[in-house]
Amino acid sequence: MTDQPGPPTETSVWDLFVVKLRFWLRAQPEEERTVHDQPPKEKMAFPWMTVGAVVLAIIAQLSLEPSPSRTAWPGIVLYAGSLGCLLAAIFRGEWRLVAHKESSAETFSTHIQFEFIISSFFLAILAFLLFGNARFGVLNTLVWVLAIIFFFLAFWQFSGIHRFKLKAVWQRLMRDSWYIRVTRWTLIVLAATAVILFFNFARLDYVPPEMVSDQAEKLMDVNDILHGQFPVYFTRNTGREALHFYLSAGFMRIFNLPVSFLNLKIVAVFANLLTLFFIYLLGKELGDRWVGLAAALFAGMAYWPLLFTRLALRIPYYPLFVAPVMYFMVRGLRQQNIHDILWAGLFLGLGLHGYTPYRIVPILVVLGILIYALQTSGKGKWLRAVYVLFLITFVSTLVFIPLLRYWQANPDMFAYRAFSRLTGMEVGFQNSPLIIFLQNFWKASVMFFWDNGVIWAHSIPRRPALEVVSGAFYFLGIASLIIRYFRQRDWRDLFLLISIPMLMMPSILSLAYPGENPSLNRSAGAVVPVFVVIGFAFMALIRSLKRYTKGNVGQAVLVIIVILLLLWSGANNFDLVFNQYFSIYRASSWNTSEIGRIAALFIETFGEPETTYVVGYPHWVDSRLVAINSGYPGLDFAILPQQISDTRDDPRSKMFFLSVQDAVNIEVLQQTFPTGVLWQYDSEVENKDFMVFFVPPSQGAMP
């Protein structure tokens with residue numbers, strides 16, 4: 001069926017807000033025209049096939065939820081039935097995805113100011129040389145930023161609108177009164193925003209409750225920055241990109257906050273919220289604003305991104321930069337807008353400073369431009385594709401310069417994290433690499449419905465990556481997009497479909513350690529297209545039912561159905577995050593926060609940080625986490641058993657923390673400090689008790 005244009009939609013406060021945030025773009029109409037279905041004049045039959053497809057998909061996903069007797073066959077059969085109903089719904093005209101926006105008939109402007117390009121080129125070379133010390137400094141950072149700015153100026157298309165836009169905005173802000181139009185769309189957006197904020201900030205201080213060693217190293221890196229160290233690449237734990245640490249350190253410095261797990265979480269949450277904003281924009285670009293809002297809402301509630309966000313590692317920076325790269329690239333190619341292409345290159349380069357798996361995104365960009373060139377028609381399409389690829393490559397390379405210089409000087413360190421999984425540099429392959437790749441590809445492809453891996457820190461082991469409602473609509477969305485692509489051959493559908501496995505490649509390519517695939521962290525970039533697909537399918541259902549419903553009663557029934565589906569999805573995700581994940585994480589992690597509280601109390605009363613010790617024991621707590629939780633992120637309270645006797649000469653009071661299973665060192669302490677006091681701390685968490693040995697001042701001093 002061919003989609004027909006419908007009546008224009010109203011401009012909302014949200015869309016005006018989006019326009020203001022994108023003040024750098026060429027002036028666009030307040031609401032871009034979206035092609036909608038024109039409701040047929042004849043009375044529509046009830047969309048039984050649509051309802052059947054959705055109901056069977058939901059039942060199928062319910063059958064795949066974890067249980068002792070779970071098998072895949074009931075879900076496969078039910079999903080096959082859902083697919084059959086979906087095909088019938090599509091060919092009957094019941095189920096229609098939001099149509100793509102029309103592409104611009106214009107071509108890219110070729111107005112170039114070569115003096116800026118030459119300046120940018122020489123500044124880039126100078127910046128590359130200045131970053132030889134692998135540190136951010138005033139001079140090299142300034143030269144690097146100027147190189148980027150000059151390249152933008154070389155291609156930027158200035159106009160009178162751009163010159164006076166900021167002035168107009170300022171004049172509006174300075175008016176005595178403001179006019180804000182509140183529409184139904186505004187209220188829906190506010191409600192969706194409230195839901196998203198709730199899921200992202202609720203119980204943030206307690207879910208997850210404890211840190212693991214990865215967070216210890218992150219906070220130590222943040223502490224290094226706050227004490228004047230500014231490396232381009234952090235070498236702890238086999239090396240990590242720097243953006244997460246600088247943003248976290250900046251947040252803590254600006255607001256004078258302590259180096260803590262909670263503050264690390266807050267920065268990660270804001271990164272996730274920005275990702276959701278760009279998911280909205282991408283959904284709006286590929287479909288309409290309703291698709292964008294549905295995609296952002298489902299992603300904002302989803303257990304998958306919420307877990308890796310709350311873990312507060314570098315993982316959120318993978319989808320954070322995937323979303324704007326995809327948005328600006330698709331929009332730039334559709335509108336032939338050189339500004340969008342420049343911004344796509346900027347975000348592509350910034351993402352390389354975020355998280356190692358993001359290194360697959362440049363390949364996705366090349367693949368997307370190739371798909372565009374192959375799937376579009378028109379004179380000069382290959383020239384346009386090469387032009388776009390050059391701009392994105394050059395801008396992203398400029399942004400990448402500090403890491404490029406580090407890579408050139410330290411190739412082994414820079415590549416170690418990725419190649420240790422891809423190659424046999426650490427362990428040999430368990431099978432043929434091709435066989436492992438195909439097995440990994442299949443496991444990653446079905447993780448949304450079946451098994452998302454075994455890593456308890458950022459997933460619930462052995463359950464689907466999506467909850468029931470999201471999983472069902474993801475299946476329907478993928479099937480719908482595949483069918484539409486073969487019917488219409490629009491490059492945007494193919495690009496969206498291919499982006500999902502491409503962004504999961506860092507997990508799929510774990511050939512040396514196939515047990516680590518699928519992993520929700522290394523596939524985190526796929527969050528962006530996955531939830532856009534879900535948004536497409538969800539709005540297809542609403543559009544199908546809306547064409548049938550008539551009058552106030554019908555509209556009320558439709559609203560109730562939508563609310564029930566959203567409530568069901570939200571309740572599922574709430575249970576996964578705040579109940580199941582919390583319980584698993586709490587039982588699997590060590591209670592270093594409890595030990596840290598006792599240590600902080602000791603330091604504030606009788607002792608000092610230098611006389612607070614965590615006695616080493618296999619597979620017990622990370623002593624650095626105890627120091628961080630007690631308020632001393634730069635210290636490590638660890639002491640080896642053979643070093644205990646060296647503390648006898650210190651007349652100050654001392655406190656030792658030990659594992660309840662460490663009978664040997666408990667005996668050593670009692671012999672070394674006969675007047676010491678030993679007790680077992682009763683932890684709030686089952687099987688997490690620990691021993692505390694307190695030595696009063698002057699005890700154990702040599703006569």
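Brief remarks follow.
- Listed by position, the helices (runs of 4 or more DSSP H) inside segment 525-611 whose residues that are under 30 Å from residue 626 (Cα atoms) number at least 3 are 582-588, 592-605.
- Of the residues contained in segment 321-339, one or more are found to be within 10 Å of the chain's Cα centre (by Cα), at pLDDT 95 or above, assigned by TED's automatic domain parsing to the domain that holds residue 185 and of a type in the set (Phe, Trp, Tyr).
- Candidates 249, 268, 216, 192 - the one that is under 30 Å from residue 100 (Cβ atoms) and either among the small types (Gly, Ala, Ser) or assigned to a loop (DSSP other than H, G, I, E, B) (or both): 192
- Residue check: residue 405 meets all listed conditions (1) basic (Lys, Arg); (2) under 22 Å from residue 361 (Cβ atoms); (3) at pLDDT below 90 but one, namely (3).
- Among (1) closer than 30 Å to residue 311 by Cβ; (2) surrounded by fewer than 12 Cβ atoms within 10 Å (Cβ to Cβ) - the single one residue 197 does not satisfy: (2)
- Test: residue in segment 86-103 that is modelled with pLDDT of 95 or more and under 30 Å from residue 246 (Cα atoms): no
- Residue that is farthest from the chain's Cα centre (by Cα), among those in segment 594-633 that are surrounded by 19 or more Cβ atoms within 10 Å (Cβ to Cβ) and among the polar types (S, T, N, Q): 611
Here is a yes/no grid of residues against (1) touching a residue at least 24 places away in the same chain (Cβ under 8 Å); (2) in contact with a helix residue (DSSP H, G or I) (Cβ under 9 Å, 6 or more places away or on another chain); (3) assigned to a helix (DSSP H, G or I):
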| position | (1), (2), (3) |
| --- | --- |
| 307 | yes, yes, yes |
| 332 | yes, yes, yes |
| 340 | yes, yes, yes |
| 345 | yes, yes, yes |
| 353 | yes, yes, no |
| 359 | yes, yes, yes |
| 373 | no, yes, yes |
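- Residue tally, condition in a helix (DSSP H, G or I) and either under 17 Å from residue 683 (Cα atoms) or free of Cβ contacts under 8 Å to residues at least 24 places away in the same chain (or both), over segment 612-624: 1
- Between 204, 173, 219, the distinction of being more than 30 Å from residue 246 (Cα to Cα) and not charged (D, E, K, R) belongs to 173 only.
- Among the helices (runs of 4 or more DSSP H) confined to segment 37-155, the ones with at least 2 residues that are among the hydroxyl-bearing types (Ser, Thr, Tyr) are located at 48-63, 73-91, 114-130.
The values are calculated or read from the model by the stated rules, or taken from the named source; none is laboratory data. Because the structure is predicted, anything quoted here is derived from the model rather than measured. No Cβ is skipped: glycine too gets one built from the backbone with ideal geometry, and neighbour counts run over all protein chains shown.
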